[in-house]
Structures are given as C-alpha cells and as structure tokens.
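First the structure, in the form of structure tokens, and then the observations on it.
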C-alpha cells in the first residue's frame, strides 16, 4: 500500500486562518484604532451574535471556559455541604470549579455509547448523597466530544429533585438537541473558546448562556468584580473575567463560517464511521441530536497497539482522558455513586481520538481507517 503523501494536523487552525486572515486582520486593526481593549464594542457585538446564533435570551462572555463554570456556580450560591453531580469521565475543570468554591463534586458514571452522563447513575447518586446527609444542589452534564447529553431525561431528574442544572458545553457549542441549540437548555449552559474547540479564539475565552433574566444579571455582576450600578459599586463577591476585545473581534469572523464548518465536521465524521473496521466501536449520535465533533473518538481494547501503528504512519491521535476524575489523586477523596463507575474507569484504557477538523481530506480518512483495519 502506498504511503499517504499529505500528512494532516490533529486540529488544523492554519487552513482555517488562511481563509479569513484578511478579515481578522481588519477586525484587529479596528480594535487597535479605537483602543478599547477591555469590554470594547466588539464584545457586545459578539454577544449579540451568540444570542442570534443560539436562540438564547442571554449570552455573556468571560475570560475562559473554566471561569464560565465558576461564575455559574457562584450564581447558584453554592455552600460547603452542597453537592454537584458530575460525570467522572471528563476534563478536570468540571470538578475543579466546584471544589474551589468549597462544595462537593459527586461523581456519576457515563454511557459507553455516548461518553455522556448516565441518567440511571445520576438517579442513584442523588439517593446516595441524601443518604450521606449531603445537600444535592446542581446537576452538571458534560457534553463530551461535541455531543449533547441526554438532556430531557437529565432535566426531568433534576426537576423531580429540585436541582439546578448547569450544562458544561465546553466541547459542544453549536450542537443541537431536539431541534434547539444544546446551550439553550438547563438553568445555565457554558462553553469555551479555547483555540482547539470547535469555535476557538486565538487565546482564551468563554461564554455563559441562560434564559433567566435574574441569573443573567447575577452573572454579569459576578464576572465584573460583583459590580452593582457602576464600576466602583461592589454589591457581591465577584471575579475578574472578561473576554478581551481582540478575541471577540476574531470570534466574530470565526462565527460567520462556523455553520459551514459544523456541516463539514459531520460529513467527515460520517466518512470515518462508514470506513471504520467493525472491530472498532464508533461514536453513536442519537437521531434527535447533532454533534459538532470536537473529537472523533473510537473505542478499542487494542487501543495502544492501534495508536502505535498510526504513529508509525505519521497519523496523529490523542487520548482524552488517560484517567477518570475519580482516579485522579486530587479528587479521590470526593464521593461517587454506590453503583460504581465501571464505564468511566474503563474508557481511559480504550478511547482514542483521531484527527477531526473542517479541513480534513476524504482520502486521508480512508487511509487512516485502512491502517486501523490492517
């Protein structure tokens, strides 16, 4: 078999930039001309575009995706005995923000088919937390790898138990769930504009979405040092978390081409799935959902051998995540569901993410799948 002659990037930001470089330069030049580098007019413009794109009543930007979670938790007024239910198979930021505020991350399991929170595990975890004398407060489904969680079932469970819902959409911005943008569900939803995300800036950035005017007012205050009517009126404890004007200017141009990029991501994901050998488990997207494919992640008990073979053929791959949160030294002390975390603790040994971005080539995907088949 001949070698593939066009090596690809795991995430190709250069190809994207080449398409919109002149527009980005113009946007940045405008910011340099007006000189309002913090909370400049581009920030407001971008927030309005986010509202229009998502259909969300309120979209408030901040410095990064982790801050988006922290600010949201502060808006929920977490106390030391409060529990936030979090899937164990995810990035550490989801639990980190809870622990930093003195509350309790409580780990639940995920579904192997979707990598997202298992509603049955959540039900048991709520029973467990109450039995431990803790106060269940928030459910935080994490939309891993770009795919929305099973939101209706999770939201129903939360409502039955009088819990707040915070959807961690750091990897899923732009995804759909039952014909609505996933970030319009729950009490609050958040996302990240880290460069490697489906919609990424050239630094750090994040956003918070809500349909509740009171929560929106709280979030706006908290992100700006707990401000009241004016800058030096501090009515609550807050943080300093603002999206830089230059990053907002860049994101305005990136959002313009984002729908086309989502379509391309889905096209390439379909080719991966069609060409993948049947010995490998592919991601499953429910019919009522649209993923933005932050990652294309496969499952195989021979993961390490597959990765080594891909590496020898100069095909990049990444393991997200090599440990579940319950296995991390910094988080082993926190409680987990009594039914166990079997899937969350097995996936780190089986998952492998392949190159995924809107600038892939079909021949590359077929070549990669052929190597996996061999």
Could you please let me know if residue 316 is within 25 Å of residue 200 (Cα to Cα), outside the structural domain of residue 46 (by TED's automatic domain parsing), without any contact (Cβ under 8 Å) to a residue 60 or more places away in the chain and touching a helix residue (DSSP H, G or I) at 6+ places or on another chain (Cβ under 9 Å)? no
Restricting attention to segment 202-216, which residues are outside any strand (DSSP E or B) and farther than 18 Å from residue 240 by Cβ? 202, 211, 212, 213, 214, 215, 216
Count of segment 284-303 residues which are in a loop (DSSP other than H, G, I, E, B) and out of contact with any helix residue (DSSP H, G or I) (no Cβ under 7 Å at 6 or more places or on another chain): 7
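Does residue 308 satisfy the condition of being surrounded by fewer than 16 Cβ atoms within 10 Å (Cβ to Cβ) and in a helix (DSSP H, G or I)?
Numbers: surrounded by fewer than 16 Cβ atoms within 10 Å (Cβ to Cβ): yes; in a helix (DSSP H, G or I): yes.
So residue 308 fits the description; yes.
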Over segment 92-114, the set of residues assigned to a loop (DSSP other than H, G, I, E, B), over 26 Å from residue 287 (Cα atoms) and in contact (Cβ under 8 Å) with a residue 60 or more places away in the chain is 92
Looking at 210, 245 in this structure, which one is in contact (Cβ under 8 Å) with a residue 12 or more places away in the chain and closer than 24 Å to residue 256 by Cβ? 245
Out of (1) without any contact (Cβ under 8 Å) to a residue 12 or more places away in the chain; (2) within 18 Å of residue 338 (Cα to Cα), the odd one out for residue 159 is which? (2)
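Residue by residue, here is whether (1) touching a strand residue (DSSP E or B) at 6+ places or on another chain (Cβ under 7 Å); (2) buried (at least 24 other Cβ atoms within 10 Å of the Cβ) holds:
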{"position": "49", "(1), (2)": "no, no"}
{"position": "52", "(1), (2)": "no, no"}
{"position": "62", "(1), (2)": "yes, yes"}
{"position": "69", "(1), (2)": "yes, yes"}
{"position": "74", "(1), (2)": "no, no"}
{"position": "81", "(1), (2)": "yes, no"}
{"position": "84", "(1), (2)": "yes, yes"}
{"position": "88", "(1), (2)": "yes, yes"}
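From the list 344, 339, exactly one residue is under 20 Å from the mean Cα position of the chain (by Cα), within 22 Å of residue 124 (Cβ to Cβ) and either assigned to a helix (DSSP H, G or I) or not assigned by TED's automatic domain parsing to the domain that holds residue 123 (or both). Which is it? If you could, list the steps in order and put the result at the bottom.
Details: 339 fails: under 20 Å from the mean Cα position of the chain (by Cα).
From the options 344, 339, the qualifying one is 344.
Okay, residues lined up against (1) at positive phi; (2) assigned by TED's automatic domain parsing to the domain that holds residue 27; (3) buried (at least 21 other Cβ atoms within 10 Å of the Cβ):
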| site | (1), (2), (3) |
| --- | --- |
| 184 | no, yes, no |
| 194 | no, yes, no |
| 224 | no, yes, no |
| 271 | no, no, no |
| 293 | yes, no, yes |
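The values are calculated or read from the model by the stated rules, or taken from the named source; none is laboratory data. Not measured: the values here are computed from a predicted model. Using ideal geometry, Cβ is built from the backbone for each residue, glycine included, and neighbour counts are taken over all protein chains shown.
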